[in-house]
Amino acid sequence: MLKRAGEMPDGGAARPRRPRKATMKDVADLAGVSLATVSRALSATAEVSPRLSRRVQAAARRLDYAVNINARGLRGKSSGLVVVLLPDIANPFFSVLLQGIEEQARSHDMAVLIGDTGVDHAIAETYWRLMDGQRADGIILLNGFLPFPPGKWGAGDYPMVVVSERIAGVDAPIVGIDNVAAAFDAVSYLARLGHRRVAHICGPADNVLTIERRAGYQKAVEAHDLERWPEAIQPGEFSIRAGRVATARLLAASPQPTAVFAANDEIAIGAILEAKAQGLRVPEDLSVVGFDDIEMGQICDPPLTTIYQPRREMGRKALETLARLVEAPEKPVGDTLLDYKLVVRDSTSPPTDR
(Lines give C-alpha, C1' and ligand atoms only; values in the text may rest on other atoms or scores of the structure.)
Protein backbone atom coordinates (compact mmCIF):
# COMPACT_ATOMS: atom_id res chain seq x y z
CA MET A 1 0.00 0.00 0.00
CA LEU A 2 1.05 3.61 -0.51
CA LYS A 3 2.58 5.36 2.46
CA ARG A 4 1.63 8.89 3.45
CA ALA A 5 4.36 11.50 3.52
CA GLY A 6 6.20 11.35 6.85
CA GLU A 7 5.36 7.69 7.57
CA MET A 8 7.99 5.05 8.16
CA PRO A 9 7.71 1.72 6.28
CA ASP A 10 5.92 0.19 9.30
CA GLY A 11 3.37 2.99 9.32
CA GLY A 12 4.90 4.82 12.27
CA ALA A 13 5.85 8.47 12.42
CA ALA A 14 9.02 9.72 10.76
CA ARG A 15 12.02 10.17 13.00
CA PRO A 16 12.61 13.77 14.09
CA ARG A 17 15.32 15.69 12.30
CA ARG A 18 18.75 15.58 13.87
CA PRO A 19 19.35 18.78 15.85
CA ARG A 20 21.90 21.34 14.67
CA LYS A 21 25.43 20.53 15.75
CA ALA A 22 26.88 22.77 18.40
CA THR A 23 29.55 25.23 17.31
CA MET A 24 32.57 26.63 19.08
CA LYS A 25 30.63 29.88 19.53
CA ASP A 26 27.86 27.93 21.32
CA VAL A 27 30.44 26.57 23.74
CA ALA A 28 31.96 30.03 24.24
CA ASP A 29 28.53 31.57 24.90
CA LEU A 30 27.55 28.85 27.38
CA ALA A 31 30.90 29.02 29.22
CA GLY A 32 30.99 32.82 29.12
CA VAL A 33 34.45 32.98 27.57
CA SER A 34 36.02 33.98 24.25
CA LEU A 35 36.37 31.74 21.19
CA ALA A 36 40.15 31.79 21.64
CA THR A 37 39.80 30.52 25.21
CA VAL A 38 37.56 27.66 24.05
CA SER A 39 40.06 26.68 21.37
CA ARG A 40 42.99 26.73 23.80
CA ALA A 41 41.11 24.84 26.50
CA LEU A 42 39.92 22.07 24.17
CA SER A 43 43.08 21.70 22.09
CA ALA A 44 45.51 21.78 25.01
CA THR A 45 47.97 23.71 22.80
CA ALA A 46 48.27 26.64 25.21
CA GLU A 47 48.03 27.13 28.97
CA VAL A 48 44.57 27.86 30.35
CA SER A 49 43.75 28.21 34.03
CA PRO A 50 42.19 25.09 35.61
CA ARG A 51 39.05 27.05 36.48
CA LEU A 52 38.48 28.20 32.89
CA SER A 53 39.42 24.80 31.51
CA ARG A 54 36.81 23.07 33.71
CA ARG A 55 34.17 25.61 32.69
CA VAL A 56 34.87 25.11 28.97
CA GLN A 57 35.05 21.31 29.25
CA ALA A 58 31.71 21.25 31.08
CA ALA A 59 30.07 23.42 28.42
CA ALA A 60 31.49 21.24 25.63
CA ARG A 61 30.19 18.05 27.29
CA ARG A 62 26.77 19.60 27.81
CA LEU A 63 26.57 20.57 24.12
CA ASP A 64 28.23 17.37 22.87
CA TYR A 65 30.68 19.60 21.02
CA ALA A 66 33.55 17.12 20.59
CA VAL A 67 32.39 16.04 17.11
CA ASN A 68 33.06 19.55 15.80
CA ILE A 69 36.57 20.10 17.11
CA ASN A 70 39.09 20.69 14.34
CA ALA A 71 42.43 20.68 16.13
CA ARG A 72 44.68 17.96 14.78
CA GLY A 73 45.56 16.74 18.25
CA LEU A 74 41.92 16.16 19.16
CA ARG A 75 40.96 14.69 15.81
CA GLY A 76 43.86 12.33 16.24
CA LYS A 77 44.79 12.37 12.57
CA SER A 78 45.31 14.54 9.51
CA SER A 79 43.95 13.64 6.11
CA GLY A 80 46.46 15.85 4.29
CA LEU A 81 43.63 16.87 1.93
CA VAL A 82 42.54 20.43 1.12
CA VAL A 83 39.25 21.17 -0.66
CA VAL A 84 39.13 24.10 -3.11
CA LEU A 85 35.71 25.20 -4.39
CA LEU A 86 35.41 27.43 -7.46
CA PRO A 87 32.47 28.54 -9.61
CA ASP A 88 33.79 27.78 -13.11
CA ILE A 89 36.91 25.74 -13.77
CA ALA A 90 36.86 26.92 -17.42
CA ASN A 91 37.32 30.55 -16.34
CA PRO A 92 40.99 31.40 -17.08
CA PHE A 93 41.18 33.59 -13.98
CA PHE A 94 41.39 30.50 -11.78
CA SER A 95 44.10 28.54 -13.62
CA VAL A 96 47.09 30.51 -12.33
CA LEU A 97 45.51 30.88 -8.90
CA LEU A 98 45.14 27.09 -8.65
CA GLN A 99 48.80 26.69 -9.64
CA GLY A 100 49.76 28.81 -6.64
CA ILE A 101 47.57 26.71 -4.34
CA GLU A 102 49.09 23.48 -5.66
CA GLU A 103 52.66 24.75 -5.33
CA GLN A 104 52.19 25.76 -1.72
CA ALA A 105 50.25 22.59 -0.89
CA ARG A 106 53.19 20.43 -1.98
CA SER A 107 55.48 22.32 0.38
CA HIS A 108 53.13 21.36 3.24
CA ASP A 109 52.72 17.72 2.10
CA MET A 110 49.07 18.37 1.28
CA ALA A 111 46.93 17.24 -1.65
CA VAL A 112 44.27 19.41 -3.32
CA LEU A 113 40.74 18.35 -4.30
CA ILE A 114 39.07 20.83 -6.69
CA GLY A 115 35.30 21.16 -6.75
CA ASP A 116 33.63 22.99 -9.67
CA THR A 117 30.38 24.06 -8.00
CA GLY A 118 28.95 26.69 -10.35
CA VAL A 119 26.26 28.43 -8.30
CA ASP A 120 24.81 25.13 -7.06
CA HIS A 121 24.83 25.09 -3.25
CA ALA A 122 23.91 21.39 -3.19
CA ILE A 123 27.11 20.49 -5.08
CA ALA A 124 29.16 22.64 -2.71
CA GLU A 125 27.63 20.92 0.31
CA THR A 126 28.76 17.49 -0.92
CA TYR A 127 32.35 18.72 -0.73
CA TRP A 128 31.73 20.24 2.67
CA ARG A 129 30.78 16.82 4.01
CA LEU A 130 34.43 15.83 3.56
CA MET A 131 35.19 18.41 6.23
CA ASP A 132 32.38 17.36 8.52
CA GLY A 133 33.48 13.73 8.15
CA GLN A 134 37.11 14.69 8.96
CA ARG A 135 38.30 13.48 5.55
CA ALA A 136 39.75 16.90 4.70
CA ASP A 137 41.81 19.29 6.80
CA GLY A 138 40.51 22.58 5.43
CA ILE A 139 38.71 24.37 2.65
CA ILE A 140 39.48 27.31 0.34
CA LEU A 141 36.49 29.14 -1.14
CA LEU A 142 36.78 30.84 -4.52
CA ASN A 143 33.08 30.55 -5.35
CA GLY A 144 31.67 33.40 -3.26
CA PHE A 145 29.30 31.45 -1.00
CA LEU A 146 29.38 29.11 1.97
CA PRO A 147 29.10 25.39 1.16
CA PHE A 148 26.61 24.69 3.94
CA PRO A 149 23.19 26.05 4.94
CA PRO A 150 23.31 29.31 6.94
CA GLY A 151 23.36 28.65 10.67
CA LYS A 152 24.21 24.97 10.37
CA TRP A 153 27.85 25.49 11.28
CA GLY A 154 30.06 28.42 12.08
CA ALA A 155 32.84 29.44 9.72
CA GLY A 156 35.19 29.25 12.70
CA ASP A 157 34.45 25.58 13.37
CA TYR A 158 36.77 24.35 10.61
CA PRO A 159 39.84 25.80 8.87
CA MET A 160 38.51 27.98 6.05
CA VAL A 161 39.98 30.69 3.80
CA VAL A 162 38.10 32.93 1.35
CA VAL A 163 39.83 34.12 -1.83
CA SER A 164 38.97 37.25 -3.82
CA GLU A 165 35.19 37.27 -3.30
CA ARG A 166 34.32 38.44 0.21
CA ILE A 167 31.38 36.52 1.68
CA ALA A 168 29.01 38.64 3.76
CA GLY A 169 28.89 37.70 7.43
CA VAL A 170 31.68 35.11 7.22
CA ASP A 171 34.39 35.38 9.86
CA ALA A 172 37.20 33.72 7.91
CA PRO A 173 40.53 35.07 6.63
CA ILE A 174 40.35 36.65 3.17
CA VAL A 175 43.10 36.79 0.54
CA GLY A 176 42.62 39.29 -2.28
CA ILE A 177 43.06 42.86 -3.47
CA ASP A 178 41.21 46.14 -2.94
CA ASN A 179 38.73 45.90 -5.83
CA VAL A 180 37.18 49.31 -5.16
CA ALA A 181 40.55 51.06 -5.31
CA ALA A 182 41.64 49.11 -8.40
CA ALA A 183 38.46 50.00 -10.31
CA PHE A 184 38.85 53.62 -9.25
CA ASP A 185 42.41 53.68 -10.61
CA ALA A 186 41.34 52.13 -13.94
CA VAL A 187 38.62 54.71 -14.55
CA SER A 188 40.84 57.54 -13.28
CA TYR A 189 43.43 56.55 -15.90
CA LEU A 190 40.80 56.92 -18.64
CA ALA A 191 39.83 60.30 -17.22
CA ARG A 192 43.47 61.44 -17.32
CA LEU A 193 43.60 60.44 -21.00
CA GLY A 194 40.78 62.92 -21.59
CA HIS A 195 37.73 60.62 -21.69
CA ARG A 196 34.52 62.20 -20.39
CA ARG A 197 32.03 59.49 -21.35
CA VAL A 198 33.22 56.29 -19.70
CA ALA A 199 30.74 53.41 -19.60
CA HIS A 200 30.89 50.39 -17.28
CA ILE A 201 29.87 46.80 -18.07
CA CYS A 202 29.18 44.88 -14.87
CA GLY A 203 29.49 41.26 -13.87
CA PRO A 204 26.65 39.20 -12.30
CA ALA A 205 24.38 41.46 -10.27
CA ASP A 206 24.72 39.66 -6.91
CA ASN A 207 28.46 39.03 -7.17
CA VAL A 208 30.62 40.78 -4.56
CA LEU A 209 33.31 41.62 -7.13
CA THR A 210 30.65 43.19 -9.36
CA ILE A 211 29.44 45.35 -6.49
CA GLU A 212 32.94 46.45 -5.44
CA ARG A 213 34.17 47.23 -8.98
CA ARG A 214 31.01 49.16 -9.78
CA ALA A 215 31.52 51.15 -6.57
CA GLY A 216 35.06 52.01 -7.67
CA TYR A 217 33.77 53.09 -11.08
CA GLN A 218 31.11 55.33 -9.55
CA LYS A 219 33.64 56.81 -7.14
CA ALA A 220 35.91 57.75 -10.06
CA VAL A 221 33.01 59.21 -12.08
CA GLU A 222 32.23 61.50 -9.15
CA ALA A 223 35.87 62.36 -8.40
CA HIS A 224 36.59 63.38 -12.02
CA ASP A 225 33.11 64.80 -12.73
CA LEU A 226 32.63 62.51 -15.72
CA GLU A 227 29.45 62.51 -17.77
CA ARG A 228 26.49 60.45 -16.62
CA TRP A 229 23.76 59.09 -18.89
CA PRO A 230 21.09 56.40 -18.48
CA GLU A 231 22.86 53.66 -20.44
CA ALA A 232 26.33 54.27 -18.95
CA ILE A 233 26.17 51.28 -16.58
CA GLN A 234 25.28 48.02 -18.32
CA PRO A 235 24.38 44.70 -16.64
CA GLY A 236 26.39 41.68 -17.67
CA GLU A 237 28.11 38.42 -16.80
CA PHE A 238 31.78 37.45 -16.65
CA SER A 239 31.89 36.29 -20.27
CA ILE A 240 32.91 37.41 -23.77
CA ARG A 241 29.33 37.07 -25.00
CA ALA A 242 28.07 39.37 -22.24
CA GLY A 243 30.68 41.94 -23.25
CA ARG A 244 29.49 41.87 -26.86
CA VAL A 245 25.80 42.16 -25.91
CA ALA A 246 26.37 45.06 -23.51
CA THR A 247 28.63 46.90 -25.96
CA ALA A 248 25.98 46.59 -28.67
CA ARG A 249 23.51 48.27 -26.32
CA LEU A 250 26.00 51.04 -25.54
CA LEU A 251 26.70 51.74 -29.22
CA ALA A 252 22.98 51.77 -30.04
CA ALA A 253 22.31 54.45 -27.44
CA SER A 254 22.95 58.17 -27.54
CA PRO A 255 25.37 59.46 -26.49
CA GLN A 256 27.93 56.77 -27.17
CA PRO A 257 30.86 56.26 -24.80
CA THR A 258 34.42 56.99 -25.81
CA ALA A 259 35.71 54.41 -23.31
CA VAL A 260 34.51 51.27 -21.53
CA PHE A 261 35.65 49.90 -18.18
CA ALA A 262 34.75 46.20 -17.98
CA ALA A 263 34.35 44.22 -14.76
CA ASN A 264 36.71 41.52 -16.05
CA ASP A 265 38.93 40.77 -19.04
CA GLU A 266 36.49 38.43 -20.78
CA ILE A 267 33.87 41.18 -20.84
CA ALA A 268 36.49 43.60 -22.16
CA ILE A 269 37.50 41.22 -24.97
CA GLY A 270 33.83 40.93 -25.92
CA ALA A 271 33.60 44.73 -26.00
CA ILE A 272 36.57 44.94 -28.38
CA LEU A 273 35.10 42.29 -30.67
CA GLU A 274 31.72 44.01 -30.86
CA ALA A 275 33.19 47.47 -31.41
CA LYS A 276 35.32 46.21 -34.30
CA ALA A 277 32.35 44.26 -35.74
CA GLN A 278 30.46 47.58 -35.90
CA GLY A 279 33.29 49.29 -37.72
CA LEU A 280 34.84 51.15 -34.79
CA ARG A 281 38.58 51.33 -34.20
CA VAL A 282 40.01 50.32 -30.83
CA PRO A 283 41.37 52.41 -29.22
CA GLU A 284 40.91 55.41 -31.56
CA ASP A 285 37.10 55.31 -31.44
CA LEU A 286 36.62 53.32 -28.24
CA SER A 287 39.14 52.68 -25.47
CA VAL A 288 38.65 49.51 -23.42
CA VAL A 289 40.00 48.57 -19.97
CA GLY A 290 39.56 45.15 -18.36
CA PHE A 291 40.26 43.58 -14.97
CA ASP A 292 42.36 40.50 -13.98
CA ASP A 293 45.12 40.39 -16.64
CA ILE A 294 44.37 36.92 -18.00
CA GLU A 295 46.60 35.56 -20.76
CA MET A 296 43.91 35.96 -23.42
CA GLY A 297 43.91 39.70 -22.86
CA GLN A 298 47.61 39.91 -23.61
CA ILE A 299 47.23 38.36 -27.07
CA CYS A 300 43.92 39.85 -28.23
CA ASP A 301 43.91 42.58 -30.90
CA PRO A 302 44.75 45.09 -29.60
CA PRO A 303 46.38 43.83 -26.38
CA LEU A 304 44.24 44.79 -23.41
CA THR A 305 44.88 47.48 -20.85
CA THR A 306 43.80 45.96 -17.54
CA ILE A 307 44.21 45.61 -13.79
CA TYR A 308 46.79 42.97 -12.87
CA GLN A 309 45.98 40.71 -9.94
CA PRO A 310 48.80 38.56 -8.47
CA ARG A 311 46.82 35.35 -8.93
CA ARG A 312 49.64 32.89 -8.27
CA GLU A 313 50.59 34.73 -5.09
CA MET A 314 46.91 34.81 -4.06
CA GLY A 315 46.84 31.02 -4.36
CA ARG A 316 50.05 30.60 -2.38
CA LYS A 317 48.87 32.94 0.38
CA ALA A 318 45.49 31.20 0.58
CA LEU A 319 47.07 27.79 1.11
CA GLU A 320 49.67 29.15 3.52
CA THR A 321 46.92 30.82 5.57
CA LEU A 322 44.91 27.61 5.61
CA ALA A 323 47.94 25.59 6.71
CA ARG A 324 48.42 27.96 9.64
CA LEU A 325 44.77 27.51 10.65
CA VAL A 326 45.11 23.73 10.46
CA GLU A 327 48.31 23.64 12.50
CA ALA A 328 47.25 26.15 15.16
CA PRO A 329 43.47 26.81 15.11
CA GLU A 330 43.69 28.70 18.39
CA LYS A 331 45.83 31.44 16.82
CA PRO A 332 43.88 34.17 14.97
CA VAL A 333 44.83 34.83 11.34
CA GLY A 334 44.01 38.13 9.65
CA ASP A 335 43.15 39.06 6.08
CA THR A 336 45.84 39.40 3.38
CA LEU A 337 45.54 42.33 0.98
CA LEU A 338 47.92 42.01 -1.98
CA ASP A 339 49.12 44.68 -4.39
CA TYR A 340 47.56 45.21 -7.83
CA LYS A 341 48.72 47.38 -10.71
CA LEU A 342 47.35 48.98 -13.86
CA VAL A 343 48.94 47.43 -16.95
CA VAL A 344 48.73 49.81 -19.93
CA ARG A 345 48.64 48.22 -23.38
CA ASP A 346 47.25 49.19 -26.78
CA SER A 347 43.50 49.11 -26.11
CA THR A 348 43.50 52.64 -24.66
CA SER A 349 44.39 56.09 -26.00
CA PRO A 350 43.10 59.66 -25.76
CA PRO A 351 39.66 60.07 -27.35
CA THR A 352 39.17 61.33 -30.88
CA ASP A 353 36.40 63.74 -31.82
CA ARG A 354 33.28 61.87 -32.93
**Request:** Could you check Glu330 against (1) assigned by TED's automatic domain parsing to the domain that holds Ala111; (2) buried (at least 22 other Cβ atoms within 10 Å of the Cβ) and say which number it fails?
**Result:** (2)
**Prompt:** If you check Arg316 against the conditions, is it in the same structural domain as Val84 (by TED's automatic domain parsing), of a type outside the set (A, V, I, L, M), without any contact (Cβ under 8 Å) to a residue 12 or more places away in the chain and surrounded by fewer than 24 Cβ atoms within 10 Å (Cβ to Cβ)?
**Reply:** no
**Item:** Residue match in region 341-348 (condition: buried (at least 21 other Cβ atoms within 10 Å of the Cβ), under 26 Å from Val245 (Cβ atoms) and in the same structural domain as Ile201 (by TED's automatic domain parsing))
**Value:** no
**Asked** Of these, Ala252, Ala275, Ala248, which one is of a type in the set (A, V, I, L, M, F, W, C), farther than 21 Å from Glu212 by Cα, crowded, with 21+ Cβ neighbours inside 10 Å and free of Cβ contacts under 8 Å to residues at least 40 places away in the same chain?
**Response** Ala275
**Message:** For region 176-201: of the residues being in a helix (DSSP H, G or I) and β-branched (Val, Ile, Thr), which is farthest from Val161 (Cα to Cα)?
**Reply:** Val187
**Prompt:** Wholly within region 244-352, which strands (runs of 3 or more DSSP E) include no fewer than the required count, namely at least 1 residues that are farther than 19 Å from Leu193 by Cα?
**Reply:** 306-308
**Prompt:** In region 75-94, which residue that is within 18 Å of the chain's Cα centre (by Cα) and farther than 19 Å from Val162 by Cβ is surrounded by the fewest Cβ atoms within 10 Å (Cβ to Cβ)?
**Reply:** Ala90
**Prompt:** Just a yes or no: is a residue in region 151-173 in a loop (DSSP other than H, G, I, E, B), surrounded by fewer than 24 Cβ atoms within 10 Å (Cβ to Cβ) and modelled with pLDDT of 95 or more?
**Reply:** no
**Message:** Can you find a residue that is under 24 Å from Tyr158 (Cα atoms), basic (Lys, Arg) and modelled with pLDDT of 75 or more anywhere in region 19-27?
**Reply:** yes
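Yes/no per residue for (1) aromatic (Phe, Trp, Tyr); (2) out of contact with any helix residue (DSSP H, G or I) (no Cβ under 8 Å at 6 or more places or on another chain); (3) surrounded by fewer than 23 Cβ atoms within 10 Å (Cβ to Cβ); (4) within 21 Å of Val245 (Cβ to Cβ):
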position: Asp265; (1), (2), (3), (4): no, no, no, yes
position: Gly270; (1), (2), (3), (4): no, no, no, yes
position: Leu280; (1), (2), (3), (4): no, no, yes, yes
position: Val289; (1), (2), (3), (4): no, no, no, yes
position: Asp293; (1), (2), (3), (4): no, no, no, no
position: Pro303; (1), (2), (3), (4): no, no, yes, no
position: Thr306; (1), (2), (3), (4): no, no, no, yes
**Request:** Determine if region 293-304 includes at least one residue that is in contact (Cβ under 8 Å) with a residue 40 or more places away in the chain and over 25 Å from Gly203 (Cα atoms).
**Result:** no
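The values are calculated or read from the model by the stated rules, or taken from the named source; none is laboratory data. Just so we're clear, the structure is a prediction, and the values are computed from it rather than from any experiment. Note: ideal-geometry Cβ built from the backbone for every residue, glycine included; neighbour counts use all protein chains shown.
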